[in-house]
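The values are calculated or read from the model by the stated rules, or taken from the named source; none is laboratory data. Predicted model, so just to flag it, every value in this text is computed and none were measured. Cβ placement follows ideal geometry from the backbone for every residue including glycine, while neighbour counts extend to all protein chains displayed.
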Amino acid sequence: MVIILALLATGVAAGILGALLGLGGGIFLVPALALLFHLPIHIAVGTSLVGVIATSAGVAAIAPRGRGADVSLALRLEVLTAAGAIAGGFLAGVVSAQALSILFSLVVFFTAGYLLYKARQRADARAPERLFYSNYHLRHWPAGMAVSSMAGMVSGLLGVGGGFIKVPVMYAIMGAPLGVATATSNFMVGITAAASVFVYYGRGDIHPLVVIPTALGVFAGAMLGVYILPRLRVAWLRLGLIGLLVVMGIQMLVRGFHS
Amino acid sequence: MKEPQSELEARMQKISLVTSLVGLGLMAFGFADLIIRGDSLSIPGMTALSPLLIKSGTQMSLSLLAMSVGIVILALLPILRVLLALSLYIRNRQVLNVVVALIVFIELLASVRTGG
């Protein structure tokens, strides 16, 4: 019973962090499930994909009106992203657990770098940036779609939503406002995860005793994250998280080389 | 490029809330039944029932059935959201968006079929 409560608490933490930082939460769930609960990485990835869908659903269910996703943009990018996710789901079945652990640690380091970049960018900003506005013009579609399809592949392989790739692509490359990019990414991570979760389901990597406490925790955590977002200094949270990701990345790397 | 989002946004919010509550409710019910019956809670435990087995109506434990159906419902939610966008685009005759949403919907259906 203790382990079930621990899974629930892990889910809540991942849901809160996912909602606060505009990520799916998988980047925290997979290493937590693999390192803390000693689950095989394929089960951790399958569980995480359900968790990512729960984060996306939890945020979408209570997000304030007028702060929603650009659905048209999301679906256009998803044409290649979902295909990448399905391919990634199949590929995960033939890639060894060690290789997945090493690949995951690299993605974790990349995410830490992205969060650090975001933190520095905000610190350098002289005027507060408008997060939401409607008269924006999207550009660089081919680059956006190409990078987004890679995000799908990473998602299917590693059980992450890929928000850490999608948000910068839409914001920095395609020119969407940051708030719109984050909301659109949240919409997309659910679809991307759904594209590969059934591959894991069919392969027998979805275990209700692990998935259910985690998903319930993630859903509650995501809703809580949306609620506490305006009351929190996200900069400190982000810095703490970068440290945590670096530690987890090193552990996954060590595990990949020594297992 | 950007459609009036308000109607779509409101419907997406509603469908997200209702579907996830139904899915999570079923999962919680099945899990509670498992605990009440005193079954082993060691992880990772049994795997979820395959959608084909669920459809076949084979005799199986109520808790595992409820948990598996709950997981499938939650996993289907993003597909429902795409379907909702598709229906709205069809109604508004936004041809390019209809084509794009249809492609994504077919990709998702293909992945469900593969997993099933």
Residues that are within 11 Å of chain B (Cβ to nearest Cβ), at least 1 per element: which helices (runs of 4 or more DSSP H) completely within region A:142-259 meet that? A:178-203, A:208-228
Being farther than 23 Å from residue B:18 by Cβ, in contact with a Leu (Cβ under 6 Å, 6 or more places away or on another chain) and at the interface with chain B (Cβ under 7 Å from one of its Cβ atoms) is the filter here; which residues of region A:34-58 pass it? A:39
Determine which single condition residue A:200 fails, assuming it passes every other condition in (1) at pLDDT 90 or above; (2) in contact with a His (Cβ under 8 Å, 6 or more places away or on another chain). (1)
Here are the criteria: (1) within 11 Å of chain A (Cβ to nearest Cβ); (2) closer than 20 Å to residue A:215 by Cα; (3) surrounded by 15 or more Cβ atoms within 10 Å (Cβ to Cβ); (4) out of contact with any Asp or Glu (no Cβ under 8 Å at 6 or more places or on another chain). Tell me which single one residue B:63 does not satisfy. (4)
Residues of region A:1-44 being out of contact with any helix residue (DSSP H, G or I) (no Cβ under 6 Å at 6 or more places or on another chain) and within 17 Å of residue A:256 (Cα to Cα), which ones? A:36, A:37, A:38, A:40, A:42, A:43
Pick from region B:59-95 the residues that are assigned to a loop (DSSP other than H, G, I, E, B) and either acidic (Asp, Glu) or without any contact (Cβ under 8 Å) to a residue 40 or more places away in the chain (or both): which of them is farthest from residue B:31 (Cα to Cα)? B:93
Within region A:59-76, of all residues that are part of a helix (DSSP H, G or I) and facing chain B (nearest Cβ under 7 Å), the one nearest to residue B:104 (Cα to Cα) is A:75
For region B:96-110, state whether one or more residues are touching a residue at least 60 places away in the same chain (Cβ under 8 Å), surrounded by 15 or more Cβ atoms within 10 Å (Cβ to Cβ) and under 15 Å from residue A:71 (Cα atoms). yes
In this structure, is residue A:83 over 20 Å from residue A:202 (Cβ atoms) and either out of contact with any Lys or Arg (no Cβ under 8 Å at 6 or more places or on another chain) or at pLDDT 80 or above (or both)? no
Check region B:35-52 and report whether any residue there is farther than 20 Å from residue A:43 by Cα and among the polar types (S, T, N, Q). no
Please work out which residue is surrounded by the fewest Cβ atoms within 10 Å (Cβ to Cβ), limiting yourself to region A:143-198 and to residues that are out of contact with any Ser or Thr (no Cβ under 9 Å at 6 or more places or on another chain) and under 14 Å from residue A:52 (Cβ atoms). A:154
Residues of region A:77-87 classified as more than 17 Å from the chain's Cα centre (by Cα), over 26 Å from residue B:70 (Cα atoms) and more than 7 Å from chain B (Cβ to nearest Cβ), total: 1
Is it the case that residue B:51 is within 7 Å of chain A (Cβ to nearest Cβ) and closer than 23 Å to residue A:194 by Cβ? no
Out of the residues in region A:1-57 that are in contact (Cβ under 8 Å) with a residue 60 or more places away in the chain and part of a loop (DSSP other than H, G, I, E, B), state the one that is surrounded by the most Cβ atoms within 10 Å (Cβ to Cβ). A:24
